[in-house]
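Just so you know, all these numbers are worked out from the coordinates, no wet-lab data involved. These figures come from a predicted structure and were not determined experimentally. Note: ideal-geometry Cβ built from the backbone for every residue, glycine included; neighbour counts use all protein chains shown.
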Amino acid sequence: MAKNLVNGTNVVIEESGDNINMNLSSTYNTNLQQEINDSFKENNIYSTTETVIGTWVNNKPIYRKTVNTGALPSIGGKTIDHNISNIDYVTKIIGTAYRNTDNIFLPLPHATYDNTAISCYCDKTLITIIVYTDRSAFQESYVTLEYTKTTD
C-alpha cells in the first residue's frame, strides 16, 4: 500500500487482485477509480487472440498476443508461426516453459552464464526458440508478443 499526497488530500492506493483500490470520496474520483480499474484489467489480459493493451511512444496502439509454442526442442531451434499480420515494431517478447515432472517453470528467454540458456526472438512472421542443451522435458511453452501494427 502506498500513500500519496494529491492536491492536499491523502489518497491511499492499493493493488488487490484485478483492481486498484483508491480511498477517494467524490463522484469524479469514483469515476476516476473505475477508469483506473478498467485500464488495469485491460492491460492484464493475456489471450491467444490479438488484444489492444495500450499506446506506444509514437501514439500507435500496442497489441498483445500469446502464442502456444509447444514443447521445447532437445537441442537446437524451432520456429513457430505467430500468425500476426502487419507487425510494425515489437515492443516486448516474454514467455514461459513448463516441465510437469517436477513442476518447474522456466522464463523465456532464459539467460545464464553457461550452456543452459534459451534464446527467444521473433521477426514479422515467426517466433524462434533456440536451446543449447536438452530441454525436451519442457512439454509446454507460451510466448507473448507486444507490438504495433503498420495499419495504425
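What does the extension gain come out to for Thr49 and Asn103, with contour length at 0.36 nm per residue minus their alpha carbon separation? Provide the component values of the computation, followed by the final result.
Values: separation 54, 0.36 × 54 = 19.44 nm, distance 2.67 nm.
Working it through step by step, the gained length comes to 16.8 nm.
Do any chymotrypsin sites (Phe, Trp or Tyr not before Pro) in the stretch 58-152 lie in a loop, going by DSSP, with at most 16 other beta-carbon atoms within 10 Å of their beta carbon, and if so which? Can you show the working numbers first?
Values: sites: Tyr63, Tyr89, Tyr98, Phe105, Tyr113, Tyr121, Tyr132, Phe138, Tyr142, Tyr147; in loops: Tyr113, Tyr132, Phe138.
Qualifying residues, ordered by number: Tyr113, Tyr132.
For the stretch 50-152, which GluC sites (Glu not before Pro) are in a loop by DSSP, counting at most 16 other Cβ atoms within 10 Å? Walk me through the intermediate numbers first.
Values: sites: Glu50, Glu140, Glu146; in loops: Glu50.
Qualifying residues, ordered by number: Glu50.
Can you work out the FRET efficiency for the pair Ser119 and Asp88, with r the C-beta to C-beta distance and R0 = 22 Å, to the nearest 0.05?
On the way: r = 23 Å, r/R0 = 1.04.
The calculated FRET efficiency here is 0.45.
Check Thr144: other-chain or 5+ apart residues with amide H under 5 Å from its amide H, H built from backbone geometry?
Val67, Ile94, Gly95
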